[in-house]
1. Scan the range 228-243 and give yes if some residue there is in contact (Cβ under 8 Å) with a residue 24 or more places away in the chain and surrounded by fewer than 12 Cβ atoms within 10 Å (Cβ to Cβ), otherwise no.
2. Looking at the range 30-38, is at least one residue in a loop (DSSP other than H, G, I, E, B), aromatic (Phe, Trp, Tyr) and surrounded by 13 or more Cβ atoms within 10 Å (Cβ to Cβ)?
3. Out of curiosity, is residue 97 touching a residue at least 60 places away in the same chain (Cβ under 8 Å), farther than 30 Å from residue 227 by Cβ and of a type in the set (Val, Ile, Thr)?
4. Looking only at strands (runs of 3 or more DSSP E) that fall completely inside the range 198-284, which ones have 3 or more residues that are under 16 Å from residue 144 (Cβ atoms) and β-branched (Val, Ile, Thr)?
5. Say whether the condition of being at pLDDT 95 or above, of a type outside the set (S, T, N, Q) and under 16 Å from residue 199 (Cβ atoms) is met by at least one residue in the range 112-125.
6. If we keep just the residues of the range 20-48 that are in contact (Cβ under 8 Å) with a residue 24 or more places away in the chain and out of contact with any Asp or Glu (no Cβ under 9 Å at 6 or more places or on another chain), which is farthest from residue 72 (Cα to Cα)?
Amino acid sequence: MSINFPLLLVIAVAVCGVLALFDLLFLAPRRREAIASYQGQVGEPDEAVVERLSKEPLLVEYGKSFFPVLAIVLVLRSFLVEPFQIPSGSMKPTLEVGDFILVNKFAYGIRLPVLDTKVIEVGDPQRGDVMVFRYPSDPNINYIKRVVGLPGDRIRYGSDKRLFINGQPVAQQLLGEEPGSLGSVALYEEQLGETEHQIRKEMKRYRIEPGREWLVPQGHYFMMGDNRDNSNDSRYWNDPRIPKELLGMVPDRNIVGKAFAIWMSWPDPKVRNLPNFTRVGLIH
């Protein structure tokens with residue numbers, strides 16, 4: 001069962017805030033009245049009694065203590081920066097399994113938490129951006145891929161594994177080979193828009209995939225992983241609940257933010273190893 005952390009955080013902030021407000025408006029004045037009444041009845045007030053009368057209920061004390069911390073976390077996570085961990089190798093070599101990344105939440109507009117409604121326009125995804133989004137077939141799952149197709153683009157991915165955008169081949173340069181899951185892997189330098197980045201392609205496949213074309217509708221984006229032959233992305237999504245013309249497309253409302261930095265890497269916390277910082281840097 002997936003946990004909706006943003007919703008839980010909003011509820012926690014609301015509950016703590018209500019407790020603090022209830023104390024400010026009702027409970028605190030009663031405590032002050034009780035203390036004033038006691039002090040008026042005795043010559044020398046007992047400090048222990050005054051302290052007991054002024055003591056906040058335990059639930060209110062916890063609520064007031066947690067409220068500012070949770071509120072700061074909510075603001076940071078909802079409107080500024082949110083951390084994520086990479087669970088798969090679909091973005092190799094750009095991102096490795098276990099990389100901890102930071103995502104800019106306001107790069108593509110300010111959105112309300114939980115509702116994900118955009119309230120302030122800031123910018124739009126650009127070709128080549130590494131973007132976190134909610135998987136269209138299950139919005140509770142976050143995906144991270146690279147923006148390949150913008151609204152209005154015609155995308156073609158040929159059987160020769162060449163990418164075309166609006167009829168033009170995307171520039172790429174062979175860098176070399178490295179070991180892969182199905183044999184050797186070719187490493188390329190690819191140019192998407194203003195972004196230069198590396199991609200991987202398996203040299204051998206169990207099957208040859210036919211070339212396909214997609215037209216990106218307005219308000220949607222076409223996403224691909226840098227590990228081209230090992231990525232569940234816009235090329236492969238299939239959901240009978242989604243209209244055929246929107247299959248594989250990420251609607252603007254599903255955007256979470258732009259991934260911009262790796263701040264730590266910890267491939268397998270269960271194994272006796274420590275997190276490392278050798279991969280710390282900006283994401284291209």
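1. First, pick out the residues of the range 228-243 that are in contact (Cβ under 8 Å) with a residue 24 or more places away in the chain: 228-235, 237, 239, 241-242.
Next, only the ones that are surrounded by fewer than 12 Cβ atoms within 10 Å (Cβ to Cβ) stay: 241.
Yes, some residue in the range 228-243 is in contact (Cβ under 8 Å) with a residue 24 or more places away in the chain and surrounded by fewer than 12 Cβ atoms within 10 Å (Cβ to Cβ).
2. Within the range 30-38, the first condition is being in a loop (DSSP other than H, G, I, E, B), and the residues that meet it are none.
Within the range 30-38 (the criterion being in a loop (DSSP other than H, G, I, E, B), aromatic (Phe, Trp, Tyr) and surrounded by 13 or more Cβ atoms within 10 Å (Cβ to Cβ)), the answer is no, since none of the residues qualifies.
3. Details: touching a residue at least 60 places away in the same chain (Cβ under 8 Å): yes; farther than 30 Å from residue 227 by Cβ: no; of a type in the set (Val, Ile, Thr): yes.
No; evaluated as a whole, the condition is false for this residue.
4. Result: 255-265.
5. Filtering the range 112-125 down to residues at pLDDT 95 or above leaves 124-125.
Pick out the ones that are also of a type outside the set (S, T, N, Q) and you get 124-125.
Next cut, under 16 Å from residue 199 (Cβ atoms) only: none.
No.
6. 22
The values are calculated or read from the model by the stated rules, or taken from the named source; none is laboratory data. If you're wondering where the values come from, they're calculated on a predicted model, not measured in any experiment. Virtual Cβ from ideal backbone geometry, glycine too; neighbours counted across all protein chains shown.
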